[in-house]
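Chemist: Below is a structure I'd like to ask you about.
The values are calculated or read from the model by the stated rules, or taken from the named source; none is laboratory data. The model shown is predicted, which means the values in this text are computed figures rather than measured ones. Every residue, glycine as well, gets a Cβ built from its backbone with ideal geometry; the counts of neighbours run over all protein chains shown.
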Amino acid sequence: RAARLRILSSRIATMLGADPALADRAAKLAKPDLLTDMVGEFPELQGVMGHYYAEHDGEPPVVATAIEQHYWPRFAGDALPADAVAQSVALGDKLLTMAEMFGIGNAPTGDKDPFALRRAGMGVLRILMEKQLPLPLPLLIEIAFDATNAVPGVKRVSEDVQTFLFERLRAYLREQGYSANQVDALLSLRPSRIDLVPAQMEAIRTFATLPEAEALAAANKRIGNILRKNESEVAPAVNSALFVDGAEKDLYATVQELLPVVRAHVERGDYTAALRSLASARTCVDRFFDDVLVMADDGAVRANRLALLRGLFEAMNQVADISKLAS
C-alpha cells in the first residue's frame, strides 16, 4: 500500500505545483511509526511520532510535517494540512482508502462505518474547499483507482465513490444552513470543482432572495420539462427567419445578450453576478410563455422555438439548476 500511496501523493502534488519528490518521500514514511511500541501503546500519537522520528533522522521539515498532518482532519472542525505537500499526502491517503474499500465492497451501510470512510470523505471535501485547491473531484477519484489497478479484487467503482462524496457534501451544506432546495440546485449539476462550492452556494442563496427568483425558477422547471419531452425535435440552431411572434424576437435578443454576460461572470468566479443577471430576463420569459405556443403545428417553427428555449435553459443553468428553487 505504501507504494500506491507514494504514486498517488506524487501525482496530486504535481497537480498542485508542489514538489512530487517531497510528497513521495512523505508518503513513504507516513506509516512506519504504526509499528512502534509508542504508537502501539498510544494510538493517538500516530503521525505525531512519525514527525519526531523524521526530524530526528534529518528529513526535510516539510516531509516531517506532512507525516503528521496527512491524518488531518481527524475529527469535525479539526485543523487541515497546512502546505501543498501535506495536503497531497492527506488527499492521497483518504482517496486511496475510499477506492480500496469501495472497490472490495466495503462501503458504509446505515450507521456502520468500520473504516471511517465518512470521516475520510469529509476530510477530502474540507481540504478541497477550505484550502481552495483547484482539483477536479472526478479526476482525483480516477487517479485513486489508477493506483489500485494492480490490486486483485478491487473493482473500479468511481461513480459509487463520487455519489458517496456528494452525499457527504449535501449533509455538510445543510449543516451550514443552506436549504434543501438550494443544495439540490447546485449538487444536481455534480460540480467537479469542490473549491468553488462555497461561493456558488452563497450566490444561490442570494439569488433565492430576489423578487424574480420564484418566477424564473418556475419557468426554468417548465422549460426543462418541455425540452426533456421533445428532445428529438429541437433544431440544431435558432433560425431568426422562422420567428412569427414579437415575443420570440425579444426573447432571442435577450438570450443572445444574456448568455455571454453570464459566462463572463462565471469565468471570473462571480457567481452572484451571474445569477443576478438572470433577473433581467424575467419580463421576456413571462411574455414568451403568455404569447407563444411552443408546440406549434408547423414542425420547423416548433423545432426553432425549442432551440430558443434550449439557449435560454443553458443561460439560466450556468451556475445551478435553478428549477430546484421552485416552490
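Chemist: Please find, among L251, L306, L259, the residue that is assigned to a helix (DSSP H, G or I) and either β-branched (V, I, T) or within 26 Å of S192 (Cα to Cα) (or both).
Modeler: L259
Chemist: If you don't mind, there's one more thing I want to ask. Residue check, A79 against (1) among the aliphatic types (A, V, I, L, M); (2) over 21 Å from L125 (Cβ atoms); (3) under 29 Å from the mean Cα position of the chain (by Cα), all met but one. Which one?
Modeler: Here A79 meets the rest and fails (2).
Chemist: Take the residues in the stretch 44-63 that are under 35 Å from the mean Cα position of the chain (by Cα) and without any contact (Cβ under 8 Å) to a residue 24 or more places away in the chain, then tell me which one is surrounded by the fewest Cβ atoms within 10 Å (Cβ to Cβ).
Modeler: E44
Chemist: Kindly provide the set of residues from the stretch 221-268 that are under 25 Å from the mean Cα position of the chain (by Cα), surrounded by fewer than 12 Cβ atoms within 10 Å (Cβ to Cβ) and over 13 Å from F313 (Cβ atoms), ordered by number.
Modeler: Listed by number, the residues that qualify are P260, E267, R268.
Chemist: Being under 18 Å from K131 (Cβ atoms), surrounded by 14 or more Cβ atoms within 10 Å (Cβ to Cβ) and free of Cβ contacts under 8 Å to residues at least 40 places away in the same chain is true for just one of L187, L173. Which residue is that?
Modeler: Selected residue: L173, the only one of L187, L173 that is under 18 Å from K131 (Cβ atoms), surrounded by 14 or more Cβ atoms within 10 Å (Cβ to Cβ) and free of Cβ contacts under 8 Å to residues at least 40 places away in the same chain.
Chemist: List the helices (runs of 4 or more DSSP H) inside the stretch 120-233, counting only whole elements, that have at least 1 residues being not assigned by TED's automatic domain parsing to the domain that holds F288.
Modeler: In the stretch 120-233, 137-146, 158-175, 180-187, 197-208 are the helices (runs of 4 or more DSSP H) which contain 1 or more residues that are not assigned by TED's automatic domain parsing to the domain that holds F288.
Chemist: Still on this structure: Do the conditions hold for L275, that is, is it in a loop (DSSP other than H, G, I, E, B), among the hydrophobic types (A, V, I, L, M, F, W, C), over 16 Å from G311 (Cβ atoms) and assigned by TED's automatic domain parsing to the domain that holds D321?
Modeler: no
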